[in-house]
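What follows is a short report on a single structure.
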Amino acid sequence: MISQPKKTRQERQLLKYFQELDAQSKQSVLDFTEFLATRDVPVEEVAQTLQNIPRPQNESVVKAIKRLAATYPMLDRSDMLNETSALMTEHIMQGRLAREVIDELEALFRTHYERIES
């Protein structure tokens, strides 16, 4: 039998808190950790032109950020990191509706795109 590495104090604490959450809060935690884990992933070589990727119904904030990054591949996401993180935090921590946050994210990406195009 292969032994599992011992969990750190932080991992045990995180697991304890996670297990105490309701299903919706657990999903929010998972969405936020996915966002944190993928926010600095370098973009592979992609087309540097505006892509037409439609917004699906019931899209999560994390998926919207990924869609917008693919829609606007020419944008440097690090330039928008503070604003994107703030909106994500409002959704996760303050319970702001996903559709409202996604509307603002779309406006944020569009504004940054218009700046580089002018």
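The values are calculated or read from the model by the stated rules, or taken from the named source; none is laboratory data. Nothing here was measured: the structure is a model prediction, and the numbers come from that model. A quick note on method: Cβ atoms are made from the backbone with ideal geometry, for glycine too, and the neighbour counts reach across all protein chains shown.
The residues of the range 41-62 that are assigned to a loop (DSSP other than H, G, I, E, B) and either aliphatic (A, V, I, L, M) or at pLDDT below 85 (or both), listed by number, are V41, P42, V43, E44, E45, V46, A47, Q48, T49, L50, I53.
Pairs linking a residue in the range 101-118 that is over 14 Å from V61 (Cα atoms) to a residue that is modelled with pLDDT under 95 and not in a helix (DSSP H, G or I), with Cβ atoms under 6 Å and 6 or more positions apart or on different chains, are H112/L75; Y113/Y72.
When each of H112, H91 is tested for being of a type outside the set (G, A, S), touching a Ser or Thr at 6+ places or on another chain (Cβ under 9 Å) and either under 28 Å from F18 (Cβ atoms) or modelled with pLDDT of 90 or more (or both), the lone residue that passes is H91. Of the numbered criteria (1) modelled with pLDDT under 90; (2) under 30 Å from E117 (Cβ atoms), the one Q24 fails is (2).
Any chance you could count how many residues in the range 80-104 are outside any helix (DSSP H, G or I) and surrounded by 13 or more Cβ atoms within 10 Å (Cβ to Cβ)? Even if it seems obvious, please write down each step before you answer.
Initial filter on the range 80-104 (outside any helix (DSSP H, G or I)): 95-97.
Still in the list and also surrounded by 13 or more Cβ atoms within 10 Å (Cβ to Cβ): 96.
Looking only at that region, the number is 1.
Of the listed requirements (1) at pLDDT 90 or above; (2) farther than 30 Å from E117 by Cα; (3) among the aromatic types (F, W, Y), Y17 misses just one: (1). Kindly indicate whether any position in the range 66-79 is assigned to a helix (DSSP H, G or I), modelled with pLDDT of 95 or more, surrounded by fewer than 16 Cβ atoms within 10 Å (Cβ to Cβ) and of a type in the set (D, E). The answer is no, given that none of the residues of the range 66-79 is assigned to a helix (DSSP H, G or I), modelled with pLDDT of 95 or more, surrounded by fewer than 16 Cβ atoms within 10 Å (Cβ to Cβ) and of a type in the set (D, E). Here the range 1-29 is the region considered, the condition is being under 21 Å from the mean Cα position of the chain (by Cα) and surrounded by 11 or more Cβ atoms within 10 Å (Cβ to Cβ), and the residue that is farthest from S60 (Cα to Cα) is L14.
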